[in-house]
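For reference, the structure is listed below as structure tokens.
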Amino acid sequence: MTNAKGVCIWFTGRSGAGKSTITNQLIPRLEACGRTITLLDVVPLLAKQWCEKTSEGKLLRKGFVASEVVRHGGIVICVTVSARRETREAVCQMVGPDSFIEVYVEVPQEVALARKAKRAKKRPFIKQVRALLRRILNAVRPGQTMSYEEPTSADLTFDATRQPPEETAEAIFQLLIDRRFLVLDDEQKNGQVNVKTAESKQVTRQLA
């Protein structure tokens, strides 16, 4: 593989849409092509600070890290809710529009809430307490909640209730090829890449 370019894949959508599940399907495909992937999902160092009223600062910090990865020719996957269009646009400009792929994972709000509730039950007790404290803090501090603003011009949009994660990951993979962020050699073009083997050897760089 030669002449590979840096790119930021920015997942957006309600919490519980399945963005991380899709990411887990996408990463082995990229690593099977010889690329090293930087994953920015839950990153404590970039997390929202107690004094911040919104998540905008956290997302802009994540966007800056992503822009540096892209600048050095890497692939970075950002898993976010990023409810505000304005924030997503700011990150796009920071990374560079030609190197920014916005992927909107669409899911009805009631489905997302049901998935979040199911996931919350599996959390360790200390994390459940922290989540409860965050909800209480948000309730007493004005301007904390914000409805999700759907993208108007996402590069890819997927209905998480109809399209399996494997198909979604494959569609993203094909878009990266079409835009020449991935350049495959003859063996890879012939479909001889063993994605399962790559998955078993996967070592994803998660910043902490």
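The values are calculated or read from the model by the stated rules, or taken from the named source; none is laboratory data. This one's a predicted model, so the numbers in the text were calculated from it and none came from an experiment. Using ideal geometry, Cβ is built from the backbone for each residue, glycine included, and neighbour counts are taken over all protein chains shown.
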Segment 126-173 - residue that is exposed (fewer than 10 other Cβ atoms within 10 Å of the Cβ) and more than 25 Å from Glu56 (Cβ to Cβ) and, of those, modelled with the highest pLDDT
Arg162
Can you tell me which condition Gly18 does not meet? The list is (1) within 18 Å of Glu170 (Cα to Cα); (2) more than 11 Å from the chain's Cα centre (by Cα), and all the others hold.
(2)
